[in-house]
1. Can you give me the ranges of the helices (runs of 4 or more DSSP H) entirely in region 1-112 with at least 2 residues that are among the small types (Gly, Ala, Ser)?
2. In this structure, does Leu101 turn out to be open to solvent by 40 Å² or more (accessible area, probe 1.4 Å), within 27 Å of Ile131 (Cβ to Cβ), among the aliphatic types (A, V, I, L, M) and at pLDDT below 95?
3. Would you point out which residue out of Glu69, Glu115 is closer than 29 Å to Ser19 by Cα, in contact (Cβ under 8 Å) with a residue 24 or more places away in the chain and touching a helix residue (DSSP H, G or I) at 6+ places or on another chain (Cβ under 7 Å)?
4. Assess whether Val191 counts as being in contact with a Lys or Arg (Cβ under 7 Å, 6 or more places away or on another chain), crowded, with 19+ Cβ neighbours inside 10 Å and without any contact (Cβ under 8 Å) to a residue 40 or more places away in the chain.
5. Filter region 142-160 down to the residues that are at pLDDT below 85 and under 17 Å from the mean Cα position of the chain (by Cα), then identify the one that is surrounded by the most Cβ atoms within 10 Å (Cβ to Cβ).
6. What do you reckon, is Lys89 modelled with pLDDT under 90 and closer than 21 Å to Glu18 by Cα?
7. Condition check: among the charged types (D, E, K, R), at pLDDT 90 or above, within 22 Å of Leu163 (Cα to Cα) and open to solvent by 50 Å² or more (accessible area, probe 1.4 Å). Does Glu52 satisfy that?
8. Might you check whether a residue that is out of contact with any Lys or Arg (no Cβ under 6 Å at 6 or more places or on another chain), part of a helix (DSSP H, G or I), modelled with pLDDT of 85 or more and within 30 Å of Glu17 (Cα to Cα) occurs anywhere in region 124-141?
Amino acid sequence: MVDENRLSAKILLVEDEESLASGLEFNLSEEGFEVDWAKDGRQAVDKFNKGEYDLIILDIMLPYQNGFEVAKQVRKKDPQIPILMLTAKTSVDDKVKGLELGADDYITKPFHLQELLLRVKGMLRRKNWYIKSIKQNPVYKIGDCEINFDNLKFRKGKVEFNLTHFEAILLKYLIENKGRVISRRELLENVWNMNPEVETRTVDIFISRLRKYFEDDPANPVYIKSIRSSGYIFEADDNI
């Protein structure tokens, strides 16, 4: 009997702590994933450039090149691949920096294996949902901005750059729920597939980044508005 909840994917695991890496490699393999292990940043970049992966689990503290440097190089080549960053529990700045450099989410050490597995599966399912959801309407316009959800190109006037995969997923979710107040809890559950009780700044950071991209005045947003004590609401004329 086929297990419909079992996902098939190739994961690049970047972790220099051998005992942790071997445990993660074993448990991810037991879940049906193909795992390729890189022991340092230089090896991670080399493997990434030569292989094809569906998701990267990336530690920050690495020999030769740290996780931030690896994330930068990955994003130059592939803006879509989900990156789950491993951070030290007390390093709040590292979490923010990782997300700003293109990581889609982070999990703090030490962590429970089950939480990591759920996070990985959630990221992969969300990626699959996104691919299906953009087939009919891959391009969306907001004011003077144009987003191509197929290639993740964002254009505002003459300025063009790539969105990260989860920036695009979050924006797509807001657009599909236009005019409705969406709680932070709902975003954590449905976009990141996370336990909403987990302390995280992920939603706030991503919303702030989206506002900087297409709001003329991010401090006074026109499109993504904050509803006090409730969440966010996306408001824009249909312009697909």
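1. By residue number, 18-30, 41-50, 67-77.
2. yes
3. Matching residue, one of Glu69, Glu115: Glu69.
4. Against the criterion (in contact with a Lys or Arg (Cβ under 7 Å, 6 or more places away or on another chain), crowded, with 19+ Cβ neighbours inside 10 Å and without any contact (Cβ under 8 Å) to a residue 40 or more places away in the chain), Val191 does not qualify.
5. Leu152
6. Spelling it out, Lys89 is indeed modelled with pLDDT under 90 and closer than 21 Å to Glu18 by Cα.
7. Yes: the conditions hold for Glu52.
8. Yes, that holds for at least one residue.
The values are calculated or read from the model by the stated rules, or taken from the named source; none is laboratory data. Fair warning: this is a prediction, and the values are worked out from it, not measured in the lab. Cβ coordinates were reconstructed from backbone atoms using ideal geometry, including for glycine residues, and neighbour counts include every protein chain displayed. Heavy atoms of the whole protein, side chains included, go into the accessibility calculation; ligands, DNA and RNA do not. Shrake-Rupley method; radii C 1.70, N 1.55, O 1.52, S 1.80 Å.
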